[in-house]
Amino acid sequence: MADVAGLVARLRAAGCVFAEDEAELLLAAVPGDAAGRDGAGRDGVLDALVARRVAGEPLEHVVGHAVFHGLRIAVGPGVFVPRRRSEFLVARALAGVRAEGAVTLLDLCCGSGALGLALRTALGPRATLHAADVDPGALRWARRNLAPVGAHVHEGDLYAPLPAALRGRVDVLTANVPYVPSEEVRLLPAEARAHEPLVALDGGTDGLDLVRRVAEEAATWLAPGGRLLVESGERQAPEVAGIFMAAGLHAEIAHEEEGWATV
């Protein structure tokens with residue numbers, strides 16, 4: 001039987017602020033058949049998981065999933081962990097979707113597929129989802145997460161791998177691109193820098209390289225009345241709005257104070 005108090009103390013000593021919550025999740029992550037695995041027993045399997053967490057690996061990678069918009073998103077080493085603040089982007093996207101009729105969704109830089117899955121789940125079968133990412137490691141998780149909803153998953157750089165038939169048909173285009181300026185990546189939490197792919201963190205000199213590229217071609221892919229939504233830092237938002245307008249789009253900035261989110 002695991003020493004829960006000792007587990008909590010070990011996590012707290014490693015700097016885990018929510019040690020009690022993390023201990024509960026780690027205990028739940030131990031497979032039910034762990035006692036028969038290689039003679040290690042449940043405590044041995046748990047100790048291995050805790051060691052990974054104490055070494056700085058993201059908790060979500062260790063337990064194998066993240067909770068996002070009420071959904072369990074499978075994640076692991078080599079993929080960006082979906083942030084809870086991005087639920088605000090999902091809410092803003094859903095708020096603008098028509099009440100009836102077919103909806104075409106496109107999620108660029110999809111990572112694990114969390115945004116697209118949240119939107120497709122909320123809208124149901126009337127929505128068709130396309131998701132794309134340049135990172136084959138991330139797409140392994142995206143395919144796993146998106147298979148149950150029949151999404152079309154594409155590997156390639158932004159719009160490049162998309163079928164031509166999708167042009168002018170996208171109702172909701174989400175692109176949670178990296179927006180951290182290159183010089184500020186070193187200031188991110190160590191677990192992000194060490195365990196999440198740089199391509200999902202580094203947004204270039206001012207953090208907006210990918211935002212520019214997404215905005216430049218968005219009008220080609222959006223349907224009449226279609227919408228593009230991206231996340232940014234609050235101080236970057238006016239510049240992002242300018243990038244949108246330069247690309248011929250109308251721009252609106254929305255903030256959520258509680259989640260420190262800007263869309």
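The values are calculated or read from the model by the stated rules, or taken from the named source; none is laboratory data. Since the model is a prediction, treat every value here as computed from it, not as a measurement. Don't worry about glycine lacking a Cβ; one is built from the backbone with ideal geometry, like all the others, and counts go over all protein chains shown. Keep in mind that these areas ignore ligands, DNA and RNA; they rest on the heavy atoms of the full protein, side chains included. Shrake-Rupley method; radii C 1.70, N 1.55, O 1.52, S 1.80 Å.
Could you work out what % of the accessible surface of the chain is carbon and sulfur, using a 1.4 angstrom probe and leaving DNA, RNA and ligands out of the count? Solvent-exposed carbon and sulfur of the chain make up 54 percent of the total. Comparing mean-square fluctuations of Leu187, Leu173, Leu208 from a GNM of the chain with C-alpha springs under 10 Å, the top value falls on Leu187. Straightening the chain between Ala9 and Arg85 buys 24.5 nm, computed as 0.36 nm per residue apart minus the Cα-Cα spacing.
Which order do the peptides 249-258, 20-29, 114-123, 100-109 take when ranked by the mean count of other beta-carbon atoms within 10 Å per residue, highest first? Let's see the in-between values first.
Values: 249-258: 12.3, 20-29: 16.2, 114-123: 24.1, 100-109: 19.5.
Ranked from most to least packed, the peptides come out as 114-123, 100-109, 20-29, 249-258.
Excluding ligands, DNA and RNA, the accessible surface per residue across the chain is 48 Å² with a 1.4 Å probe.
For the chain, the equivalent ellipsoid derived from the alpha-carbon gyration tensor has semi-axes of 36, 21, 16 Å in decreasing order.
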